[in-house]
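These notes are about the structure you will find just below.
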């Protein structure tokens, strides 16, 4: 590391926070980097270019460099990483591989630390076309080889266990967090007692058809039950068709991408937040729901099993089991005392998921690596 100046990070991520398709991984990266910058680090985030966004800009002290296309960014990284390290005077590369591995440990002239939210595994065959799924599967097959001796930061205990099972020997769980600014419990009468909510990217691997089947079951017991599906994605038309086939289309609102204000309103209004995904790194939306005192009912899968405290902040159910999902949701809708207790436990749990703590843990990992590199 060059002495006499602040340590300089170069972080690789497919997207940045201003990308229209930004999700939980981008929130994690930005929240951590802006805190590190505030503590004296310098950081450059390299991501793919977006029409209408500048090639270079600074957000909250984090320099953003957009280069390469949405489908070609990985190849841009493979070709240009050494040049970026030189031009940005980077002391350390953080490789936040997402979907396709950047393989930075094989390419970078300076030390690399991995940041991997989760691997798709078999899930990718449910989500992508066969050629695209094959590319991702091949990339993930390379991950244990490329990152075997690299320090890898995971965001949950279940992700850490998965990476270690693949042979990665230096995995650290730095956790995940949530910014609760603007979050609050609902005012009296604000909560709609039979409104359910899911929020996020509308993709096949999210398993949202399970929610529609559960909604049909719940409607037999709770005539006023409804579901709001907030977010955008290419699986919306298929889900709308399933809703029509099940006869629940009048109970479902596809709200599209919502503003921060509307997101918070929906979280406060809803009796329960539902997450039916096949796999997550952690489940940021679960913690956001808890930040409004809203219980979460989620698949018992890696990531979500860490973000939901089963029986306390909500319930877990076997992935894909719509009857079990309906039964868990029914417990919340039919038992006000249980719902109130879960609401308080949910808020307490959400407050423990601090980005400050994640940034502190990340800084500890980075500082240790730089000290070893001197």
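The values are calculated or read from the model by the stated rules, or taken from the named source; none is laboratory data. Here the structure is a predicted model, which means the values were calculated and not measured. Cβ placement follows ideal geometry from the backbone for every residue including glycine, while neighbour counts extend to all protein chains displayed.
The table that follows gives values for the structure above.
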| read-out | value |
| --- | --- |
| Output for region 33-56, where each listed residue is free of Cβ contacts under 8 Å to residues at least 24 places away in the same chain and farther than 22 Å from residue 362 by Cα | 49, 51, 52, 54, 55, 56 |
| Meets criteria (outside any strand (DSSP E or B), under 23 Å from the mean Cα position of the chain (by Cα), closer than 15 Å to residue 276 by Cβ and touching a residue at least 24 places away in the same chain (Cβ under 8 Å)) for residue 210 | yes |
| Failed condition for residue 224, given (1) in a loop (DSSP other than H, G, I, E, B); (2) closer than 17 Å to residue 333 by Cβ; (3) touching a residue at least 40 places away in the same chain (Cβ under 8 Å) | (3) |
| Test set (1) modelled with pLDDT of 95 or more; (2) within 28 Å of residue 232 (Cβ to Cβ) - residue 91 fails condition number | (2) |
| Verdict on residue 281 being farther than 21 Å from residue 227 by Cβ and touching a residue at least 60 places away in the same chain (Cβ under 8 Å) | yes |
| Residue list for region 317-374, restricted to those being under 30 Å from residue 110 (Cβ atoms), over 23 Å from the mean Cα position of the chain (by Cα) and at pLDDT 95 or above | 367 |
| Residue ranges of strands (runs of 3 or more DSSP E) in region 6-107 with at least 3 members in contact with a strand residue (DSSP E or B) (Cβ under 8 Å, 6 or more places away or on another chain) and within 30 Å of residue 256 (Cα to Cα) | 42-47, 56-59, 62-66 |
| Single match in 161, 130, 154 (criterion: under 28 Å from residue 368 (Cα atoms), loosely packed, with under 15 Cβ neighbours inside 10 Å and either within 21 Å of the chain's Cα centre (by Cα) or free of Cβ contacts under 8 Å to residues at least 60 places away in the same chain (or both)) | 161 |
| Residue under evaluation residue 85, criteria (1) surrounded by 18 or more Cβ atoms within 10 Å (Cβ to Cβ); (2) farther than 27 Å from residue 136 by Cβ, criterion not met | (2) |
| Scan of region 164-186 for residues that are closer than 30 Å to residue 269 by Cβ and in contact (Cβ under 8 Å) with a residue 24 or more places away in the chain, ordered by number | 175, 176, 177, 178, 179, 180, 182, 183, 184, 185, 186 |
| Residue match in region 243-258 (condition: in a helix (DSSP H, G or I), farther than 30 Å from residue 99 by Cβ and touching a strand residue (DSSP E or B) at 6+ places or on another chain (Cβ under 7 Å)) | yes |
